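Novice: Take this structure first; my questions come after.
The values are calculated or read from the model by the stated rules, or taken from the named source; none is laboratory data. On a predicted model such as this, the values are computed, not experimentally measured, just so you know. Glycine also receives a Cβ, built like all others from the backbone with ideal geometry; neighbour counts cover every protein chain displayed.
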Amino acid sequence: MSELLSEVEGRRLQVGLSQRAVARAIGISQPHYSKVVGGLANLPKELEERLVVWLQAQDRGSVERYVAVGVEAARIRELAASIEKQLRELNRLLGVASTPRRRRVPSATRSRQRPAV
């Protein structure tokens with residue numbers, strides 16, 4: 001592993017980011033990032049430059065500016081999918097229908113619109 005990659009991995013672990021977060025921040029997939037860090041794929045000059053910029057952003061303490069906003073959204077989607085999977089399993093164990101049903105609000109309790117004055 002090159003000195004640059006060692007520094008990037010050290011910083012990634014130090015700030016608690018996943019490989020996926022760093023990969024997205026530099027514009028590559030997590031599997032490709034893993035291969036580059038593991039020495040199974042070459043480190044092109046363009047990617048090396050992006051890693052240097054990422055490290056500089058870390059030095060300035062600007063993780064939020066450099067890590068793509070989509071990382072948080074992706075994590076939320078992952079958590080939602082996990083929760084849905086667990087809910088299906090719980091419903092299966094309880095013998096409940098797997099699709100949640102929407103509760104209907106009785107018409108008498110629905111909010112009524114007031115006529116314009």
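Novice: Which condition does Leu90 not pass, out of (1) at pLDDT 90 or above; (2) more than 19 Å from Gly10 (Cβ to Cβ); (3) surrounded by 15 or more Cβ atoms within 10 Å (Cβ to Cβ), if it passes all the others?
Specialist: Of everything listed in (1) at pLDDT 90 or above; (2) more than 19 Å from Gly10 (Cβ to Cβ); (3) surrounded by 15 or more Cβ atoms within 10 Å (Cβ to Cβ), Leu90 misses just condition (3).
Novice: Still on this model: Conditions first: (1) modelled with pLDDT of 90 or more; (2) farther than 26 Å from Gly27 by Cβ. Thr99 passes all but one, so which condition is the exception?
Specialist: Failing condition for Thr99: (1).
Novice: Scan segment 12-37 residue by residue and report those that are part of a loop (DSSP other than H, G, I, E, B) and either polar (S, T, N, Q) or without any contact (Cβ under 8 Å) to a residue 24 or more places away in the chain (or both).
Specialist: Let us first name the residues in segment 12-37 that are part of a loop (DSSP other than H, G, I, E, B), namely 16-18, 27-29.
Matches in segment 12-37: Gly16, Ser18, Gly27, Ile28, Ser29.
Novice: When you look at Ala73, is it at negative phi and modelled with pLDDT of 85 or more, yes or no?
Specialist: It is false that Ala73 is at negative phi and modelled with pLDDT of 85 or more.
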